[in-house]
Amino acid sequence: MAANIFRGLGIALVTPFHADGSIDFDAMGRLIEYQLENGMDFLCILGTTSESPCLTKEEKQQIKRFVVEKIGGRVPILMGCGGNCTAAVVEELKTGDWQGIDGILSVCPYYNKPSQEGLYQHYRAIAEASPLPVVLYNVPGRTGVNLKAETTIRLAKDCPNIVAVKEAGRWLEQVDEIIKNKPDGFDVISGDDALTFPMIASGAAGVISVIGNALPKEFSRMIRYEFNGEYEPARKIHHRFTELYSLLFVDGNPAGVKALLHEMGFIENELRLPLVPTRVSTVQKMSEILKELSR
């Protein structure tokens, strides 16, 4: 089995837009440099937080090319490639341009709600087609189906290039079961900022973070404390973020983090429909917390 290289603080990169709806690549570049300077270990592009369902195929290629050039090999890049039609995902893996990309993040099939055997066969086909290591992405709240621990472990054992799972199921028991029974070289990555502290304490290898877009330095510090077994200072950082975790997602993702980044002066507060900006009351609360965190 190939070893997982996606460890520590991964950022689920937002897509900044101009007021006219076009992609703001200048803002994206500034944001990436800020994250690199403040503890980012790897970057995740074209996932949920990027608003990928509302990006055209050409825009996705533009983002991919821009990010690869901007990163310049400084950290690994994980790129989203998934869907609910196995044949279409396999075709994309076989024909796509993966130059400069270090791994594939593939979400569970959504809407058609396959069985566990269906999920296994879907991911096995993806693993066989992929030219790069594959990270499974389990997010039942969005897909309507849970990739159970036994299916994840089965895939990890049967498919050498499936190297990790991004777990956003909110069940710590499931995380523990995977970590307990996984093969060497396979990792669990948190897909939920609020659960990152307990997940890493249980043995997770890192996080693909939304909050890390805006506050990578402190979040990275929390993770490094945990890796060193220094749980008390890590817990203090985790508790400082508790209210912000909820506020970021109360009006949907990435509406919350885009509002926060706008408050910090990084991007315009623009999203593509059907997503809309977070409520003014939520922004005010986040602004107050931001002031507290900067003291």
Self-check item: Virtual spin-label span in nm between Gln99 and Glu288, 7 Å along Cα→Cβ
Solution: 5.2
Quiz item: Using r as the Cβ-Cβ distance of Asp158 and Arg65, and R0 as 35 Å, what FRET efficiency do you calculate, to the nearest 0.05?
Solution: 0.55
Quiz item: Once you list every other residue whose beta carbon is under 13 Å from the beta carbon of Ile189, what net charge do they have if Lys and Arg are +1 and Asp and Glu are -1?
Solution: -2
Exercise. Using DSSP to define loop residues, name the GluC sites (Glu not before Pro) in the stretch 178-279 whose beta-carbon has at most 16 other beta-carbon atoms within 10 Å.
Key: Glu230, Glu268
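Full-extension gain between Glu33 and Tyr111, please, as 0.36 nm times their residue separation minus the C-alpha to C-alpha distance. List each step's numbers first, then the result.
Numbers: separation 78, 0.36 × 78 = 28.08 nm, distance 3.64 nm.
Value of the extension gain: 24.4 nm.
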Self-check item: Computed FRET value (nearest 0.05) for Cys54 with Glu150, which takes r as the C-beta separation and R₀ as 30 Å
Solution: 0.30
Practice problem: Mind putting a number on the dipole of the chain about its Cα centre? Charges go on the C-beta only, +1 for Lys and Arg and -1 for Asp and Glu, and I need it in Debye to the nearest 20. | Solution: 260
Quiz item: Among Gly29, Leu43, Gln62, which residue has its Cα positioned farthest towards the positive end of the charge dipole of the stretch 1-132, with +1 placed on the Cβ of Lys and Arg, -1 on the Cβ of Asp and Glu, and the dipole taken about the Cα centre?
Solution: Leu43
Quiz item: With each label point set 7 Å from Cα along the Cα-Cβ vector, what nm distance links Met264 and Glu243?
Solution: 1.9
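Net charge within 15 Å of Ile71 by Cβ-Cβ distance, Lys/Arg positive one each and Asp/Glu negative one each, not counting Ile71 itself? The partial results should precede the final answer.
Working: positive: Arg30, Lys64, Arg65, Lys70, Arg74; negative: Glu33, Glu37, Asp41, Glu69, Asp102.
Local charge sum for Ile71: 0.
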Self-check item: Set of lysines near Lys217 by C-alpha distance (under 22 Å), chain-local residues within fewer than 8 positions excluded
Solution: Lys70, Lys166, Lys236, Lys258, Lys285, Lys291
Quiz item: Given only helices, namely DSSP H runs of n ≥ 4 each adding -39500 (n - 2.57), what is the per-residue ellipticity at 222 nm of the chain, to the nearest 500 deg cm²/dmol?
Solution: -13500 deg cm²/dmol
Quiz item: How high is the relative contact order of the chain, given as a whole-number percent (alpha carbon pairs under 8 Å, six or more residues apart)?
Solution: 20
Quiz item: When N is the residue count of the stretch 163-295, what does its C-alpha Rg come to as a fraction of 2.2 N^0.38 Å?
Solution: 1.12
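Could you tell me what percent of the accessible area of the stretch 148-295 is made up of carbon and sulfur, with a 1.4 Å probe and every protein chain present? Intermediate values should be presented prior to the final figure.
Details: 3290 of 6610 Å².
Ligands and nucleic acids excluded, carbon and sulfur reach 50 percent.
Taking the Cβ of Ala168 as the centre, find all other residues whose Cβ is under 13 Å away and add up their charges (Lys, Arg: +1; Asp, Glu: -1). Don't skip to the answer; put the middle values down first.
Values: positive: Arg142, Lys166, Arg170; negative: Glu167, Asp192, Asp193.
That works out to 0.
The values are calculated or read from the model by the stated rules, or taken from the named source; none is laboratory data. This structure is a prediction, so every number in the text was calculated from the model and none was measured. Cβ atoms come from the backbone with ideal geometry, glycine included; neighbour counts cover every protein chain shown. The area values use the complete protein model at the heavy-atom level, side chains included, leaving out ligands, DNA and RNA. Shrake-Rupley method; radii C 1.70, N 1.55, O 1.52, S 1.80 Å.
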